[in-house]
Structure formats: structure tokens, C-alpha cells
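Report on the following structure.
FYI, it's all coordinate maths here, none of it is from the lab. The structure presented is a predicted model; accordingly, all values stated were derived computationally and were not measured. With ideal geometry, Cβ positions are generated from the backbone for all residues, glycine too; neighbour counts draw on all protein chains shown.
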Amino acid sequence: MQSTNGVLWTGDIGGPMDLGSGYRWNVPVITYGFDASVLDYFGTNGVAAVESAIQMLNELPPASSLALTSFPFDTINLNTTAQAQGLTDLKSQTISLLLEHLGLTQPERYIYAIKQWDSARIKATRELYGYPTNLIYLPESCWLDWAIPDYIVMRNFDPDNLAATPYVNAALYNALLYDRINNHQVIPYAADFLGPSFSAIAAFTTARGLSYGYCFTGLTYDDVGGLRYLLSTNTVSYETLLPDVQGIGTNALVNGAWRPGVDKITFLPHSAGLSPGTFLPMTNQYTDTYITNGLTCQQPVQRVICQPDFLFSVADLGNDLNPSRWFIPYFWRTGTTNWINHAQANGNTNGAGPGIIPPPVQITFNKLGFRYYTSGPQSQDENGLGGVLLWASFDASTNAPVLYPMPPTGANPLTVRMWLTLGTSPNDQTTRFEWNPSGTFGDRFTLQTSTNLQTWKDLFTATNDGTVCTYWNDYPASPSRFYRLIPAAQ
């Protein structure tokens with residue numbers, strides 16, 4: 001799985017797996033908690049939004065009794081008011097991230113995945129179909145007969161019969177083979193341009209986040225089908241127990257063994273400590289099931305959980321920005337480096353899985369805000385509003401969205417950040433400047449620029465409401481320039 005072959009891009013924490021090579025949790029209870037930054041930034045409304053996403057998973061029946069026909073193919077709704085205001089629904093983004101750390105990846109993106117690249121084969125295909133050599137896209141009709149399975153593999157599976165399929169939530173997808181030096185990928189597109197498409201909730205885990213104004217009313221057929229497969233008691237893999245699992249009683253603990261899925265996972269709030277963001281140890285006792293010599297056996301075990309398995313937090317992720325792309329990440333989350341690969345024990349020597357997902361998982365929501373930019377090169381420090389990026393809670397109703405952050409209490413002051421690129425080339429160095437003005441909630445501050453410290457030009461005005469305002473300033477025309485942030489004129 002190479003980034004040049006369309007997988008493991010910046011922001012991805014993993015790639016597609018074949019059937020039998022996936023990763024899952026093998027404990028029936030997972031705890032979650034919030035550090036102090038979440039309550040400070042989102043308040044109780046934001047905590048409730050995250051917990052409502054968790055409730056979607058808790059309400060699922062056990063995999064053994066789960067009927068996929070009870071779930072719709074499309075649960076995405078558009079709130080036009082939220083879309084016009086540049087709002088991203090906190091609950092909907094959370095459920096996507098939870099599915100990712102339960103073992104699901106983006107199904108539409110990986111209907112087709114590049115296994116290996118052969119430039120000579122691509123060249124021959126172009127010549128066969130009469131396409132010019134400078135064409136960067138090859139439609140599926142030109143490569144399907146020779147590509148699968150030696151060059152392209154299918155990594156999306158029907159939740160019912162587990163066969164590889166180009167359908168996701170009953171929508172058929174075609175694909176284009178994108179061919180550029182050191183950048184090859186398969187780009188899926190819906191065969192029916194007018195019908196519902198790209199509806200799987202597990203797909204919305206790119207760092208750019210969910211599109212403005214969209215929200216989910218529930219899990220889809222495909223999402224639930226993926227979870228059902230991973231948790232099914234018919235999906236058996238050789239697995240070890242989590243390191244914090246202990247035996248109960250005098251019998252020796254059976255650790256590594258063939259294990260079925262746990263059938264049902266329940267999220268529980270982790271016991272809170274005396275101060276926000278602190279936690280008390282919790283003990284969860286359960287019955288572990290394993291298979292030995294063809295017989296199903298059980299043993300009583302317990303987990304002493306000292307910290308939440310899933311910890312939610314809020315931070316300013318501005319240091320992770322790539323200014324040349326005018327890109328602001330919506331979140332950061334733990335990667336897969338601590339996931340435990342049991343491929344060899346499962347007879348998949350040197351394979352990428354199967355394995356288990358151990359804690360801890362941390363999901364950090366970025367402090368969002370306004371963004372401005374210049375149009376360089378050799379620009380005159382003119383700004384254009386690049387958009388508003390804000391967290392909110394909303395649904396498909398006409399109710400007014402709940403906006404975040406909550407009024408700052410000192411932990412969430414206004415931040416104004418400028419990425420300044422001098423020169424004329426995109427390769428020129430970019431420097432970050434940052435202002436954190438003191439003031440009370442609602443105070444307004446204006447960023448100004450000057451070439452002589454006498455005549456100042458207003459660029460934009462920001463409000464002290466706990467947001468982070470980002471300004472990309474590319475290639476100003478003057479060789480020297482000054483900037484300042486001052487209280488806005490009343």
C-alpha cells in the first residue's frame with residue numbers, strides 16, 4: 001500500500017484490507033471520556049452531541065441478530081442554513097471517526113485499489129484503445145479485463161454475501177485510472193449521477209472533514225454490514241487478549257487462541273475523577289470465548305481500565321497546517337501504529353492482518369474559525385474571505401444550529417494566525433506569525449498592514465469568540481511590509 005498508488009495519503013491512518021485481514025476490538029465493553037478542553041470549548045451541548053454519536057453504536061443489536069434490511073442505504077441530510085454558515089455537524093463527524101477506530105475504512109474509495117503499477121501495461125492499453133499518451137485518465141472499460149487481480153484488487157465487499165462488489169449501499173460505481181508520475185490512483189464515481197451516492201458514513205474520515213451543512217440521521221446498511229462482519233461470532237481469528245485483561249479465579253488464563261467476534265460492543269462513560277479531565281479506575285468483568293481443538297470454551301476475565309479507551313479533546317491544530325494548500329484540518333486522531341498484527345498466527349505470513357485494536361484512542365477536534373487569503377503571486381495584501389469553518393450541532397429540521405465554541409472563559413481566547421510567503425515561487429519559505437490579543441468576549445480586533453508605519457490598511461476584523469482566524473498571505477508585492485493587530489474602531 002503505497003501513497004503513490006492512491007492509498008495512505010496525508011491524513012490517512014490505514015488502508016483497505018482483504019476479507020480475513022481486518023482489525024477489530026475483542027472486548028465487549030469500551031469506555032470513553034472527555035478531557036477538560038471539551039467541556040471548556042463545546043460545553044454540555046457538545047458533550048451531548050458526541051454522546052449521541054456513541055448512542056448510535058450502542059443501539060445496534062448483537063451481530064448475531066442484526067438484520068441489515070432494517071437500515072437504509074442513505075442517511076445523509078442537508079441543512080441549508082448550516083451550509084450557508086459554513087458549519088460542520090459535530091455528531092456526524094464523530095460517528096465517522098468512531099467507525100474508523102472500530103475497524104472500517106472508506107468503502108467507495110477502495111472499491112478498486114492499485115496492487116502494483118506497470119507503466120508499460122498502461123502505455124499498451126492507451127495504444128490499444130487509441131488514447132493519446134498524455135491522457136491522465138483511463139476509464140474502467142479499458143482496464144477491467146486485464147487489471148484484476150494482478151494490478152488492481154477490489155477491497156469493497158457485499159455485507160450480505162461477502163463477495164467483492166462495485167456496489168456500496170446499492171449504488172453502482174465506475175472508476176477512472178489516474179496516471180501521473182509518482183501519483184497513481186483509482187477514482188470512483190457513481191454510475192447514476194442523479195441517484196444517491198457516497199453515502200457510507202465510514203467514508204467521511206479525511207482530515208478535511210464532513211462537508212458544510214450535512215448531517216447523518218443514522219447508520220447505513222453498508223456501515224452496519226461492516227461492523228456485523230467484524231463482530232460476528234462466525235468471523236474467527238487467532239487473537240491475543242488486550243494486555244490489561246486478567247483471569248478471574250485460580251484457572252490459568254488462556255491468552256493467544258482462536259476467537260470469534262464478541263457479537264456486541266457497548267460504549268460506557270469512564271468514571272470521572274474529582275476534577276474535569278481526570279478519571280478513576282474501572283473494572284469490567286466478562287466471559288471470554290475461545291476455540292481449542294474444535295471445542296468452544298469460555299473463561300471469566302476482567303479488565304482494570306485506568307484511562308478511557310476513547311478520549312475526546314479539543315486543541316488548536318494550527319501547527320499542523322500546510323499553508324501552500326490553504327488547508328485547515330478538522331481533527332486529529334490516533335493512528336494504527338499500536339494495532340496488533342496477528343497475521344503470522346493466522347497463516348497469513350508477512351500479511352497486513354488480521355489483528356486487534358488496542359486502546360488508547362484519542363480524537364482531537366480542531367479549534368476552527370474564519371479563513372482569509374491573498375491571491376498572489378505579487379499580490380497587494382488584498383484579502384478575500386475563504387470561508388467560515390465552525391463546529392455546530394444541527395439536524396435536518398429548521399431549528400437554529402447550536403454554534404461552537406461556547407463563550408470563552410480564558411482558555412479559549414481569540415487567535416489570529418498569518419502564514420506569510422515571500423518571493424515569487426511556491427517553493428519559497430513560509431513563516432507563521434500569531435497574535436493572541438487580550439480582551440473580553442465579543443471584543444473586535446483589526447489586522448492592518450503598512451509599508452511605511454504611517455499609512456495603515458485594514459485587512460479584516462475578527463471577533464474575540466474563541467475561534468482561530470487564519471490568514472494566508474502569499475507573495476506580497478512590496479519588499480518590506482509591517483503588520484499589526486489592534487482593537488477595532490468603535
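Obtain the nm distance between the two label points defined at T337 and S275 by a simple spin-label model: each point lies 7 Å from its Cα along the Cα-to-C-beta direction.
Here the answer is 2.9 nm between the modelled labels.
How high is the FRET efficiency from L253 to N134, r the C-beta distance, R0 51 Å, rounded to 0.05? All intermediate terms of the calculation are to be shown ahead of the outcome.
Working: r = 63 Å, r/R0 = 1.23.
The value I calculate is 0.25.
At 0.36 nm per residue, and after removing the present C-alpha to C-alpha distance, how many nm does the segment from A124 to D395 gain when stretched out fully? Could the numbers behind the result be given before it?
Details: separation 271, 0.36 × 271 = 97.56 nm, distance 5.08 nm.
Separation in residues times 0.36 nm, less the Cα-Cα distance, equals 92.5 nm.
Label 7 Å along Cα→Cβ of A36; region 273-299 residues with amide nitrogen under 16 Å?
273-280
Indicate, rounded to the nearest 5 percent, the antiparallel portion of the DSSP beta bridges found entirely in the chain.
Working: 68 of 97 bridges.
In the chain, approximately 70 percent of DSSP beta bridges are antiparallel ones.
Under DSSP H, which helices of the chain have Cα atoms covering 24 Å or more of the helix axis and a Kyte-Doolittle average no less than -0.5?
Values: long enough: 36-58 (26 Å, 0.64).
Once both thresholds are applied, what remains is 36-58.
Restricting things to alpha carbons, tell me how big the chain is in terms of Rg and Dmax, in Å.
Rg and Dmax of the chain, Cα atoms, are 25.4, 86 Å.
Could you work out the longest stretch of the chain that avoids the GluC sites (Glu not before Pro) located in DSSP loops with at most 16 other Cβ atoms within 10 Å?
Values: sites that count: E59, E382.
That gives 60-381 as the longest site-free run.
If you take the beta carbon distance between L68 and T266 as r and set R0 to 22 Å, what does 1/(1 + (r/R0)^6) give as a FRET efficiency, to the nearest 0.05? Walk me through the numbers before you get to the answer.
Working: r = 20 Å, r/R0 = 0.93.
Plugging the Cβ-Cβ distance into 1/(1 + (r/R0)^6) gives 0.60.
Once you have the Cα-Cα distance between N183 and Q83, take 0.36 nm times their residue separation minus that, and quote the gain in nm to one decimal. Don't jump to the answer; show the numbers that get you there.
Details: separation 100, 0.36 × 100 = 36.00 nm, distance 3.23 nm.
In short, 32.8 nm is gained.
Which value, in Å to one decimal place, does the Kirkwood hydrodynamic radius take for region 365-487 when every pair of different Cα atoms is included?
Working: mean 1/r = 0.0637 Å⁻¹.
Over region 365-487, the inverse of the mean reciprocal pair distance is 15.7 Å.
At a Förster radius of 41 Å, what calculated FRET efficiency corresponds to the Cβ-Cβ distance of A163 and T44, to the nearest 0.05?
Values: r = 46 Å, r/R0 = 1.12.
Result of the calculation: an efficiency of 0.35.
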